[in-house]
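What follows is a short report on a single structure.
The values are calculated or read from the model by the stated rules, or taken from the named source; none is laboratory data. What you are looking at is a predicted structure, and each value in this text was computed from that prediction instead of being measured. In this analysis, Cβ positions are derived from the backbone assuming ideal geometry, glycine residues included, and neighbour counts consider all displayed protein chains. What goes into the accessible areas is simple: the full protein's heavy atoms, side chains included, and nothing from ligands, DNA or RNA. Shrake-Rupley method; radii C 1.70, N 1.55, O 1.52, S 1.80 Å.
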Amino acid sequence: GVKIVTIGGGSSYTPELMQGFIKRYNTLPIREIWLVDIPDGKKKLEIVGALAQRMWDASGYDVKVHLTLDRREALKDADFVTTQFRVGLLNARIKDERIPLSHGMIGQETNGAGGMFKLLRTAPVIAQIIQDMKELCPNAWLINFTNPSGMITETVIRQCGWKKCIGLCNVPVNIMKNEPVMIGKKEGDLDFVFGGLNHFHFHRAYDKKTGQEVTHEIARAMMKDDKSNMANIQNEKFLLDQLLSMDCLPCGYHRYYYLTSQMRKKELEDYAEHKTRAEMVKEVEHQLFELYKDPALHEMPELLGKRGGKYYSDAACETINAIYNDTGRVMVVSTENKGALVDLDPQAIVEVSARITRHGAEPIAFGRMEPAVRGMVQLMKAMEETIIDAALHGDYGKALEAFQINPLVDHGQCAQDLLNEMLVANEKYLPKF
Ligand code: NAD
Ligand code: G6P
Ligand code: MN
């Protein structure tokens with residue numbers, strides 16, 4: 001039987017993960033699941049953990065859900081470790097979003113100033129987890145969801161030297177589910193090729209039957225209703241002339257970069273009304289845990305669909321299933337480039353379509369990017385590398401450099417002022433700068 005360990009098990013997303021494993025039990029025979037959290041998350045862990053056990057009991061499969069605050073006890077002999085923790089919990093995210101907005105800038109908790117700080121808080125913790133894994137479960141795979149997912153995966157593979165790691169995101173899953181429908185086809189009718197970085201990836205689509213490219217058809221359909229956009233991102237319309245001029249489609253997160261003025265205006269309104277995404281999520285989370293407490297509940301409630309991470313378990317459980325059964329299934333993952341994107345370092349961690357086997361991810365060529373796409377991707381990769389360097393060495397100059405090149409930060413003295421304020425606000429979770 002398979003032993004799964006989930007770090008950040010007290011997350012309100014955990015029921016989705018359980019549902020994903022229950023659906024796949026016939027090919028992925030799990031024996032035990034360990035949900036790991038910290039003292040600050042103990043209450044959440046107990047509530048969602050009890051629901052997780054009820055879900056398994058209702059399924060009829062004999063799986064034991066263990067709840068623990070002792071990560072090392074849990075990691076012993078694990079086969080797969082999944083990570084979905086948030087250092088500082090939602091209060092830290094509120095700061096990630098609100099402090100930049102108080103300076104008139106978009107915070108963006110995964111790749112703006114907020115995302116850079118999420119990385120600064122998280123890198124030291126993931127490095128400790130890898131140390132524990134080296135000792136306690138040296139053969140395990142790490143399936144990472146913790147954001148910024150691409151940067152954390154880069155930290156694990158390149159900085160900590162743990163090769164058996166795959167980074168995931170639910171955005172590609174949502175794209176592949178919804179884009180066929182947007183052009184009058186069914187899920188599964190299209191082939192997709194993805195290339196880029198986490199929350200900064202591009203893709204092309206092809207009709208499976210005819211082989212014909214339908215990328216521009218989807219771009220036009222996006223103007224009517226972009227059904228592939230995520231619940232957490234304001235659904236502003238991209239500029240059609242730009243999309244038709246590009247040789248690929250952007251992801252939902254590109255709205256922050258290509259539609260900055262509109263997105264900032266909306267976010268500043270939310271900021272004034274205390275309705276930033278983090279604050280909205282706090283409310284939904286509270287309602288979710290009220291539902292989870294009900295001993296009669298033994299399935300994932302629909303309300304969880306209000307979270308941006310909807311369908312994340314399809315990525316997680318399918319990837320684990322593909323490794324375990326050596327299926328070769330194509331998934332979109334953060335992994336070593338190996339030449340799939342010719343415009344980036346072969347060793348860089350990128351988000352690409354890849355074949356998943358028991359050896360891990362084999363990336364599929366995306367080919368050359370046109371200059372306007374290439375330039376943005378290279379800039380964002382440079383930003384990622386720079387802030388990771390800052391995180392692992394407590395290097396203030398590197399943090400400032402990353403702020404100065406991140407497109408979501410206004411540059412100049414204002415960038416340094418923002419950096420300084422966020423360093424103070426996050427002190428408790430940071431190495432010494
Ligand atoms: P959350 O605030 O509920 O945090 C989840 C749990 O992590 C909490 O119970 C918390 O106590 C725990 N935690 C914090 N520090 C920990 C540590 N050092 N060790 C173990 N547990 C710790 O967060 P959430 O909204 O459920 O999201 C969880 C994480 O998953 C976030 O990083 C989020 O960005 C990420 N996420 C990623 C995707 C994706 O597409 N990659 C989708 C959804 C969520
Ligand atoms: C998307 C992203 C995740 C992110 C989530 C935020 O699904 O892929 O990486 O964590 O949105 O959703 P939330 O409900 O927390 O705002
Ligand atoms: Mn994501």
Inset, instruction - Keeping to the range 406-424, report how many residues are buried (at least 16 other Cβ atoms within 10 Å of the Cβ) and under 24 Å from the mean Cα position of the chain (by Cα). - result: 6
Legend entry - Among residues of the range 349-396, those that are under 20 Å from TYR258 (Cα atoms), under 21 Å from the mean Cα position of the chain (by Cα) and of a type outside the set (A, V, I, L, M, F, W, C), counted: 4
Inset, instruction - Scan the range 242-264 and give yes if some residue there is free of Cβ contacts under 8 Å to residues at least 12 places away in the same chain and either among the hydrophobic types (A, V, I, L, M, F, W, C) or open to solvent by less than 70 Å² (accessible area, probe 1.4 Å) (or both), otherwise no. - result: no
Legend entry - Tally, over the range 97-135, of residues that are closer than 16 Å to TYR256 by Cβ and either touching a Lys or Arg at 6+ places or on another chain (Cβ under 6 Å) or without any contact (Cβ under 8 Å) to a residue 24 or more places away in the chain (or both): 3
Inset, instruction - Quick one: GLN19 ticks every box in (1) open to solvent by 70 Å² or more (accessible area, probe 1.4 Å); (2) assigned to a loop (DSSP other than H, G, I, E, B) except a single one, so which number is it? - result: (2)
Legend entry - Qualifying positions in the range 38-60 - in contact (Cβ under 8 Å) with a residue 40 or more places away in the chain and not aliphatic (A, V, I, L, M): ASP40, GLY41, LYS44, GLY49, ARG54, ASP57
Legend entry - Close pairs (9 angstrom Cβ cut-off, 6 or more residues apart or separate chains): farther than 17 Å from THR260 by Cβ in the range 223-237, within 12 Å of ligand 3 (Cβ to nearest atom) and open to solvent by 70 Å² or more (accessible area, probe 1.4 Å) anywhere: MET230/LYS310; ALA231/LYS310
Inset, instruction - Might you let me know whether the range 145-164 holds any residue that is closer than 20 Å to TYR311 by Cα, more than 16 Å from ligand 3 (Cβ to nearest atom) and more than 11 Å from the chain's Cα centre (by Cα)? - result: no
Inset, instruction - Please identify the pairs in which a residue from the range 149-163 that is at pLDDT 95 or above has its Cβ atom under 8 Å from the Cβ atom of a residue that is among the hydroxyl-bearing types (Ser, Thr, Tyr) and part of a helix (DSSP H, G or I), counting only partners at least 6 apart or on another chain. - result: ILE152/THR122
Inset, instruction - Sort out which residues of the range 280-318 are of a type in the set (Asp, Glu), within 15 Å of ligand 2 (Cβ to nearest atom) and more than 19 Å from the chain's Cα centre (by Cα), and write them in order of number. - result: GLU283, GLU302
Legend entry - Tally of residues being open to solvent by 10 Å² or more (accessible area, probe 1.4 Å) and either of a type outside the set (A, V, I, L, M, F, W, C) or touching a helix residue (DSSP H, G or I) at 6+ places or on another chain (Cβ under 6 Å) (or both) across the range 117-140: 9
